[in-house]
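The values are calculated or read from the model by the stated rules, or taken from the named source; none is laboratory data. Since the structure is predicted, the reported quantities are computational estimates derived from the model, not experimental observations. Neighbour counts are summed over all protein chains in view; Cβ atoms, including those assigned to glycine, are modelled from backbone coordinates with ideal geometry.
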Amino acid sequence: MHSGVVVLSAYVVFAIVGEIIAYFLGRQFESYYPSWSLGVFLAMFFLALVIAWPLAVMVTPEDKEPPPVV
């Protein structure tokens, strides 16, 4: 399997996990500060997307073969 497919699959998994965490933390935050909950959720939502990419790159093994020449 190409490393591009692996890194994108890892990104999707990390992004989904991050979004689930953001959702539940946003729900907990809503009970204490209802007017701030949307802003906090959106900040965590986009932060999860930003953090997911470096994590996916770190856990994906480097491809030793050169890319095929077309």
Original post:
How many of the residues making up region 1-50 are assigned to a helix (DSSP H, G or I), of a type outside the set (A, V, I, L, M, F, W, C) and under 28 Å from E62 (Cβ atoms)?
Top reply: 6
**OP:** Scan region 30-43 and report the pairs whose first residue is under 15 Å from E19 (Cα atoms) and free of Cβ contacts under 8 Å to residues at least 40 places away in the same chain and whose second residue is outside any loop (DSSP other than H, G, I, E, B) and of a type in the set (D, E), with Cβ atoms within less than 6 Å and a gap of 6+ or a chain change.
**Re:** S37/E30
Original post:
So which of V59, V5 is out of contact with any strand residue (DSSP E or B) (no Cβ under 9 Å at 6 or more places or on another chain) and surrounded by 12 or more Cβ atoms within 10 Å (Cβ to Cβ)?
Top reply: V59
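Being assigned to a helix (DSSP H, G or I), under 15 Å from the mean Cα position of the chain (by Cα) and modelled with pLDDT of 85 or more: is that true of V57 here?
Values: assigned to a helix (DSSP H, G or I): yes; under 15 Å from the mean Cα position of the chain (by Cα): yes; modelled with pLDDT of 85 or more: yes.
For V57, the condition - assigned to a helix (DSSP H, G or I), under 15 Å from the mean Cα position of the chain (by Cα) and modelled with pLDDT of 85 or more - is met.
Kindly indicate whether E62 is outside any helix (DSSP H, G or I) and touching a helix residue (DSSP H, G or I) at 6+ places or on another chain (Cβ under 9 Å).
Values: outside any helix (DSSP H, G or I): yes; touching a helix residue (DSSP H, G or I) at 6+ places or on another chain (Cβ under 9 Å): yes.
In short, yes.
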**OP:** Mind counting the residues in region 8-17 that are more than 8 Å from the chain's Cα centre (by Cα) and surrounded by 15 or more Cβ atoms within 10 Å (Cβ to Cβ)?
**Re:** 1
**OP:** Find the residue count for region 18-56, including only residues that are under 23 Å from H2 (Cβ atoms) and either surrounded by 13 or more Cβ atoms within 10 Å (Cβ to Cβ) or basic (K, R) (or both).
**Re:** 5
